[in-house]
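One structure is given below, encoded as structure tokens.
Where a number appears in this text, it was derived from the coordinates with a stated rule and is not lab data. As the structure is a prediction and not an experimental result, all values here were calculated from the model. All Cβ positions, glycine included, derive from the backbone under ideal geometry; neighbour counts span all protein chains shown.
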């Protein structure tokens, strides 16, 4: 099979599932009905024991692996880790990747029509918490008839969902793989998120979130928000290697009065990234997702004691961090590991040397892949696969 | 004297000096005339050998020490270091502190009237380089009849000016004190500055820099720019100690749909800081200053070899850095020290343990004060003062 040779799951077709029973949310309100868009890779086995759930991060979505069209230049966002022979080996596992509710890639979110008004939800979409995504994912699990995931895996905000699963539905997973994540955000992280939100809500085209009704988009604000995110997901060394202080034009335009032009490569790159994002992502979704991130606090209802929180878990854990990640620093991962050890839970931990900052979790760094592969081999053994 | 007892220079009155001969700038254009607002502390001695020039940072100004009115709640921005008995001891030194050209606190800058148009300069103000400030400061030196400064001292962008002095006018200073600075910005620093500029220029009230002609201010953009700066001038640990994840209201407003409210203390603090700044600082000045920062590259004209650059200096150097400063990290200061050592120049270096990030240079941290005091004692000895 070509697919196996190149390690790609090949062409995938997203599916959509409609849920017409109300989903009660942490805020007390309910979504009267909702859609979930998803992709699957690999085959569910006879006893449905080989399911792996992928939880996406802030700007992620269901398209994690493979391509949609033969001429797609870019595969899904985690194609480096999902596919035949890859750490999340689709020759062995059945992988489910969904777009969370509140998202803007096909699942019900602020751009969807509110059935009560006939207009887009916009700012009226209910506030979401990480646990709402877990409950929505739980409905998907039931749809597939799966009673226990082989693993739930996520990076960043995705890792936060995986940990929440381990507390809320301990019997529903055997392994929880938490990559570049944290039990709660730092004040600095909250501050960066606040700047991103402020950039969006200050955009004159934001119209208090009702931009779709005004046939416009707060593009500049969203681009700015993304630029802030982008800098903070990269490491200083990574940026230095990528851009240094390279000038776009090869020389300083000292004679010009128009100093506002883009002159350094890094400025050009950031503007491109920001603008590309602002054309493809929904501003209200960005607000919802960052608020869910800020509020996440694994141990809040457990006397602020992470060990007490994890005492409810029954699965095994793998925690991975990256040396230059300063948004979700290795110290945050070690706090998770310490809490798991204090709760007497099985946990493996790897800190990976990487120049790529927080973005490292998306990149096939050899030692990261080796560690990830090695852990996933245990899951294959549990499934009775010969290695 | 009360002033000596409390270590304050007391009440100071800013002065303004008008220069009516054109000042040619690095960009090739000239300022036909300009004003400099300044303050002085202490007395110039008979042979004019005790002068100390203070160079200010991005959002700084001439008001470095003392108070303007008896009921001022806050003294000048570097009152911790300037005054009787303080490291920059006004019982010994004559201290000059100016607002740089391009500034918005009284010296000629974008808010001043362009004599050719009768309107505010606004975006037509010439782009500035650090060396322009040095030349403008050189004119002030001549005005006071000083031929050699005992020291030129600056933090951050101020330190960059002090280093430029040492290369451009080597005989004009005996000591160069460079605090929390760098020989050039990193790509990450440029990126943060680009976000700040983008926030300003995206504000609908920016009007391509002609907001004064429209009787408005790009307040939201400037507030956002300041918020970005503020986060990055603090350390993560400093923010954690200051705010933790404290909630403003004491509880999470999970039931509310208005998720955009300020709920964490850190959000409230940042908004306050941003808004206060946006009412007192000029947006075009912010653009000018950050561009000067980005362009600064000490060794650009010296074959990119900092040691070759410093080979032109004849003064002694003191370099100070702070452990948690990640905008102007200790590694950047060590690069300065290494270049000075390679150029066989006398240099002292201190890395100070501090939780305050880049802002540490403004704070009277005991070891910082001790080190600063000790170095300044040498200058007093050179002046023949008994210790």
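Before moving on, here are some points about what is shown:
- The orientation-averaged projected area of the convex hull spanned by the Cα atoms of the protein assembly as shown comes to 36.1 nm².
- Nearest to the axis that brings chain B onto chain A is this chain B residue, judged by its Cβ, with the distance in whole Å: B:204, 2.
- Cα-based equivalent ellipsoid of chain A: semi-axis lengths in Å, sorted from largest, via gyration tensor: 32, 26, 22
- The share of Cα pairs per 5 Å bin across the stretch A:108-169, counted from zero up to the longest distance, runs 4, 15, 22, 18, 16, 13, 9, 3, 0 percent.
- Label-point spacing for residue A:114 across the identical copies (point 7 Å from Cα in the Cβ direction), in nm and ascending order: 4.8.
- If you take the Cα centroid of the stretch A:143-206 and the Cα centroid of the stretch A:46-60, the two points sit 13 Å apart.
- Dimensions (Å) - the stretch B:10-124, Cα atoms, principal axes, largest first: 47, 36, 21
- Placing a label point 7 Å from Cα along the Cα-to-Cβ axis, residue A:33 is separated from the same position in the other copies by 7.6 nm, shortest listed first.
- Among A:226, A:164, A:198, the residue with the largest mean-square fluctuation in a Gaussian network model of chain A, with springs joining Cα atoms closer than 10 Å, is A:198.
- Its relative contact order, with pairs defined as Cα atoms under 8 Å and 6+ residues apart, puts the stretch A:1-60 at 27 percent.
- Shape call, the stretch A:138-190: gyration tensor on alpha carbons, a/c limit 1.5: prolate
- In the protein assembly as shown, the DSSP-assigned H stretches of four residues or longer account for a calculated mean residue ellipticity at 222 nm of -10500 deg cm²/dmol, using -39500 (n - 2.57) per stretch and the full residue count as denominator.
- Alpha-carbon centroids, the stretch A:258-310 and the stretch B:107-137: separation in whole Å: 37
- The order of A:345, A:377, going from fewest to most other C-beta atoms within 10 Å of their C-beta, is A:377, A:345.
- Label point of residue A:369 (7 Å along Cα→beta-carbon): distances to the other copies' equivalent points are 5.7 nm, sorted ascending.
- Taking chain A as a Gaussian network of alpha-carbon nodes connected by springs under 10 Å, the highest mean-square fluctuation of the residues A:159, A:238, A:357 belongs to A:238.
- Among A:196, A:150, A:374, the largest mean-square fluctuation in a Gaussian network model of chain A, built with springs joining Cα atoms closer than 10 Å, belongs to A:374.
- Value of relative contact order over chain B, rounded to a whole percent, pairs C-alpha under 8 Å and six or more apart: 17
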